[in-house]
Amino acid sequence: MSDVELLARTIQCEAGGEGDNGMKAVASVIMNRVNIKYGEYGRLVNTISQAVYQTGQFNCARTTLGGSYNPQNIYNMRPTQVHFDIANWAIAGNRLGNLGQALWFYNPYSPNCRNNFPSSVGYFVIRIGNHCFYNPTAQYAQT
C-alpha cells in the first residue's frame with residue numbers, strides 16, 4: 001500500500017465523519033509526527049507507515065481491540081477522492097493553521113477536553129469536531 005493510500009485510509013477511518021477540517025486535522029497530526037525532529041516521534045517516526053503503525057497509536061491500525069475483532073480498521077476502509085485529496089494536501093506540506101504542531105488527538109466522548117494529553121507532554125490547543133488536539137510541551141523533547 002502506498003503512503004498516499006495508507007494516509008487516505010487512516011484519515012477516513014479516524015475522522016471520516018468529522019468533515020474536511022476534521023480529516024485535515026488528523027492528516028496534519030500524522031504528518032507532524034513524520035516531520036518532527038525531536039522527542040519520541042523524532043527518533044522513531046520518519047515515514048507515514050511508521051507513524052500509522054507505531055504500536056499503540058491509532059486504533060484504526062489494529063485489526064483487534066481488547067481481544068475482539070475491530071471492524072473499523074484501515075484494511076476495511078474504501079477511501080474516496082476526498083480522502084486522497086486530503087492525504088495529498090498534507091503530504092505536500094499543508095497544515096491547518098489553528099492546529100499548531102499538534103502530535104496527538106483523541107475523542108473524549110464528552111464536551112470537555114483535558115488540559116494535557118497524553119500526559120504533561122502535550123497541552124490542549126483546539127477542538128475540531130469530536131476530537132481534542134494537543135501540541136507538544138517542552139517536556140515532550142525529553143521523551
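Matching residues to (1) β-branched (Val, Ile, Thr); (2) in a helix (DSSP H, G or I); (3) surrounded by 18 or more Cβ atoms within 10 Å (Cβ to Cβ); (4) free of Cβ contacts under 8 Å to residues at least 24 places away in the same chain:
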residue: 34; (1), (2), (3), (4): yes, yes, yes, yes
residue: 46; (1), (2), (3), (4): no, no, no, yes
residue: 56; (1), (2), (3), (4): no, no, no, yes
residue: 82; (1), (2), (3), (4): yes, yes, no, no
residue: 90; (1), (2), (3), (4): no, yes, yes, no
residue: 110; (1), (2), (3), (4): no, no, no, yes
residue: 124; (1), (2), (3), (4): no, no, no, yes
residue: 140; (1), (2), (3), (4): no, yes, yes, no
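The listed residues are 51, 102, and the only one of them that is within 12 Å of the chain's Cα centre (by Cα) and either assigned to a loop (DSSP other than H, G, I, E, B) or at pLDDT below 95 (or both) turns out to be 102.
Against the numbered list (1) modelled with pLDDT of 95 or more; (2) touching a Ser or Thr at 6+ places or on another chain (Cβ under 7 Å); (3) not in a helix (DSSP H, G or I), residue 134 comes up short only at (2).
Only one of the numbered conditions (1) touching a Pro at 6+ places or on another chain (Cβ under 9 Å); (2) modelled with pLDDT under 95; (3) over 21 Å from residue 12 (Cβ atoms) is not met by residue 122, and that is (2).
The values are calculated or read from the model by the stated rules, or taken from the named source; none is laboratory data. All values derive from a computational prediction rather than experimental measurement. Cβ coordinates were reconstructed from backbone atoms using ideal geometry, including for glycine residues, and neighbour counts include every protein chain displayed.
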